[in-house]
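Student: Dropping the structure in here first, questions after.
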Amino acid sequence: MKKKLDKLAELLFITSAIICVLALLLIMIFIFYKGAPSILETGVFKFLFGVEWQPRAEVFGILPMITASVLVTIGAILIGAPVGVLTATFIVYLAPKRIGNILKTATDVLASIPSVIYGFFGLMIIIPFIDRFLAGGAGGNSILAAIIILSIMILPTVISISESSMREVDISYRDASLALGATKISTIFKVMIPSAFSGIMAAVILGVGRALGEAMAVILVSGNAPFMPDSILAPVRTMSANIALEMGYASGAHQEALFGTGVVLFVFIFIINFIFYIVKHKGGVKN
């Protein structure tokens, strides 16, 4: 009876793994099947580096959306990654246990908040602030607003993975450093954090993926203008936002071009996950 149960459990695990792989393959095949012809028909160079997006004229250039996605993601990482890593450092090495538990709970709550709620927060608080104090009444929907929202949204990912990596560092490193006369803060920044560097990098890379793929919150705060930005206060449209905004009514060549945008976004995400895989295995990160 036990052998039968073991075989049944093994079959269940194998089936689950196969379903996951098949789901990924089906999604990838579908996206490339629908999107690749549009890219090839338009021309890879024109599609990727064209600066005009005019569906009615069947002109499809997504460079403004690629630029917006990259700028917003980089900005979010530059703000969110340091805050997330320092927060994880405080939880692991400095905070009293009770305070650390409160911060961990707050992080879990941040992770569970729907993205549309972040968007509403940006719409009601961040955009009016930017409009009044930075844009001079010209409007607050901008790259900056999207950066601020995304930097908040990636915090749970960066904090949780960085915290796990820091806790995996052998405590003897800290004891040895303190025994040699180093201060607690010096030990944290010169010994403990460098020892968890690969895990922290993995957290940052996953944060990049989170920011790059976000759509709903960005739609509400970015301004959704498919033009090349000329400043951090300019309205923009990211690739994911472009797909979410237009797919509901698109048809024909327009719809295929949106699938083409999805192909580009998929490739970006694939590259990010591949980098995460390399960092994880070369650095010995454990999940």
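Bear in mind these aren't lab numbers, they're just calculated from the coordinates by the rules spelled out. Everything quoted here is computed from the prediction, not taken from an experiment. When we count neighbours, we look across all protein chains shown, and the Cβ atoms used for this are built from the backbone with ideal geometry, even at glycine.
Student: Name the residues whose placed amide hydrogens come within less than 5 Å of the amide hydrogen of N224, ignoring near sequence neighbours (fewer than 5 apart) on the same chain.
Tutor: HN-HN under 5 Å from N224: V236.
Student: Related question: To the nearest 500 deg cm²/dmol, what mean residue ellipticity at 222 nm is calculated for the chain from DSSP H runs of n ≥ 4 alone, each contributing -39,500 (n - 2.57), summed and divided by the residues?
Tutor: Helix-only estimate at 222 nm: -23500 deg cm²/dmol.
Student: Give me the distance between the Cα centres of the range 222-275 and the range 33-95, rounded to whole Å.
Tutor: Comparing the Cα centres of the range 222-275 and the range 33-95, I get a distance of 7 Å.
Student: Looking at the range 179-233, I'd like the Rg to Rh ratio, where Rg is from alpha-carbon atoms and Rh is Kirkwood's inverse mean 1/r.
Tutor: 1.29
Student: Taking a ≥ b ≥ c as the square roots of the Cα gyration tensor eigenvalues, with a/c under 1.5 meaning rounded and otherwise prolate when a/b beats b/c, else oblate, which class fits the range 115-220?
Tutor: It comes out prolate by the Cα gyration axes.
Student: Amide H of L134 versus every other amide H placed in the peptide plane: which residues, excluding those fewer than 5 positions away on the same chain, fall under 5 Å?
Tutor: Result for L134 returns nothing.
Student: Another question about this same structure. Can you work out the Karplus-derived ³J(HN,Hα) for every residue in the range 232-241? Use 6.51 cos²θ - 1.76 cosθ + 1.60 with θ = phi - 60°, whole Hz, and x for glycine or proline.
Tutor: 6, 9, 7, x, 9, 9, 7, 4, 5, 5
Student: Short version: ³J(HN,Hα) in whole Hz for each residue of the range 70-76, in order, from phi by Karplus 6.51 cos²θ - 1.76 cosθ + 1.60 (θ = phi - 60°), x for Gly and Pro, what are they?
Tutor: Ordered by residue, 3J(HN,Hα) equals 5, 5, 5, 5, 4, x, 5 Hz.
Student: Find the relative contact order for the chain and round it to a whole percent, using C-alpha pairs within less than 8 Å whose residues are 6+ positions apart.
Tutor: Relative contact order for the chain comes out at 27 percent.
Student: OK, next. Given just the C-alpha atoms of the range 216-287, how large is their convex hull per residue in cubic angstrom?
Tutor: Convex hull volume per residue, Cα atoms: 139 Å³.
Student: Taking the Cα centre of the chain as the origin and placing charges on Cβ (Lys, Arg +1; Asp, Glu -1), which of T238, G122, S151 is farthest toward the positive end of the dipole?
Tutor: Checked the options; the winner is S151.
Student: Apply the Kirkwood formula to the range 1-136: the hydrodynamic radius equals the inverse of the mean of 1/r over all pairs of different alpha-carbon atoms; give it in Å with one decimal.
Tutor: Details: mean 1/r = 0.0479 Å⁻¹.
Radius from the Kirkwood sum: 20.9 Å.
Student: Hey, got the dipole for the chain? About the Cα centre, +1 on K and R Cβ, -1 on D and E Cβ, debye to the nearest 20?
Tutor: Dipole magnitude for the chain comes out near 1060 debye.
Student: Per-residue HN-Hα couplings for the range 102-111, Karplus 6.51 cos²θ - 1.76 cosθ + 1.60 at θ = phi - 60°, whole Hz, x for Gly and Pro?
Tutor: For the range 102-111, the Karplus-derived couplings read 5, 5, 5, 5, 4, 5, 5, 5, 4, 5 Hz, x marking Gly and Pro.
Student: Here's a follow-up. For each of F49, F133, count neighbouring Cβ atoms within 10 Å of the residue's Cβ, then give the residues from fewest to most.
Tutor: In increasing order of surrounding Cβ atoms, one gets F133, F49.
Student: Calculate the tail of P(r) for the chain: the fraction of all Cα-Cα distances greater than 30 Å, expressed in %. Could the numbers behind the result be given before it?
Tutor: Details: 18210 of 41041 pairs.
Cα-Cα pairs in the chain separated by more than 30 Å: 44 percent.
Student: Right, next: Would you please give the residues with an amide H less than 5 Å from that of W53, counting only those at least 5 places away or on a separate chain, with H modeled from the backbone geometry?
Tutor: G61
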